[in-house]
1. Restricting the search to the range 105-119, which residues are hydroxyl-bearing (Ser, Thr, Tyr) and buried (at least 17 other Cβ atoms within 10 Å of the Cβ)?
2. Failed condition for Gly74, given (1) open to solvent by less than 30 Å² (accessible area, probe 1.4 Å); (2) out of contact with any helix residue (DSSP H, G or I) (no Cβ under 7 Å at 6 or more places or on another chain); (3) under 22 Å from Met19 (Cα atoms), with all others met?
3. Which members of the range 86-104 meet the condition of being part of a strand (DSSP E or B) and surrounded by fewer than 22 Cβ atoms within 10 Å (Cβ to Cβ)?
4. Just need a number here: residues in the range 14-59 that are more than 19 Å from Gly138 (Cα to Cα), at pLDDT below 75 and loosely packed, with under 13 Cβ neighbours inside 10 Å.
Amino acid sequence: MGGRGRVILLNLTDKSSQMLIPERKMYYDGKMGSLGANYKLGFYASLHPADVDRACGEWMVGFAATGESCRNMGSEKVGGRDAVKYDLSCYGEICHLWIDRELHALIKRETKWNSTELRSIQEIPQDNASFEIPAGYGKGVVEGVIQRNRPQ
């Protein structure tokens with residue numbers, strides 16, 4: 001993820017996700033607590049909209065996004081998959097997110113600073129063990145203040 005060696009465990013069956021950071025032997029759950037919307041939208045693991053075409057309402061309420069903006073820009077293809085593009089406020093700039101219609105998951109993100117995209121998505125049955133946190137990993141806590149001039 002993002003060229004940083006991060007791994008996302010995205011379980012679409014039970015709508016759970018974790019982000020693993022192997023070099024620190026840490027993981028983060030998809031629910032990001034009280035973070036601001038512009039920070040949360042950078043985490044693939046935190047986005048599972050129930051209604052792909054009306055995700056703004058869910059994100060803005062769920063993220064308590066006072067002063068944030070979100071706009072559905074319509075349907076687009078990303079890597080051959082049907083997606084809905086969203087433009088959102090992000091550190092005073094516009095970020096673009098694409099949510100896969102079938103998976104209800106973020107598959108692409110573009111910001112002024114970087115971009116990431118999930119490619120070669122394969123939907124195949126997985127053993128539940130595939131979604132277990134590796135032994136020796138500790139749960140990370142997201143904290144602190146994200147400043148506009150220091151995007152993550």
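The values are calculated or read from the model by the stated rules, or taken from the named source; none is laboratory data. Predicted model only: the values in this text are computed from it and were never measured. Glycine gets a Cβ as well: all are built from the backbone with ideal geometry, and neighbour counts include every protein chain shown. All accessible areas refer to the heavy atoms of the entire protein, side chains included, with ligands and DNA or RNA removed. Shrake-Rupley method; radii C 1.70, N 1.55, O 1.52, S 1.80 Å.
1. Passing the criteria: Thr111, Thr116.
2. (3)
3. Listed by number, the residues that qualify are Asp87, Ser89, Glu93, Ile94, Cys95, His96, Asp100.
4. Within the range 14-59, residues that are more than 19 Å from Gly138 (Cα to Cα), at pLDDT below 75 and loosely packed, with under 13 Cβ neighbours inside 10 Å number 3.
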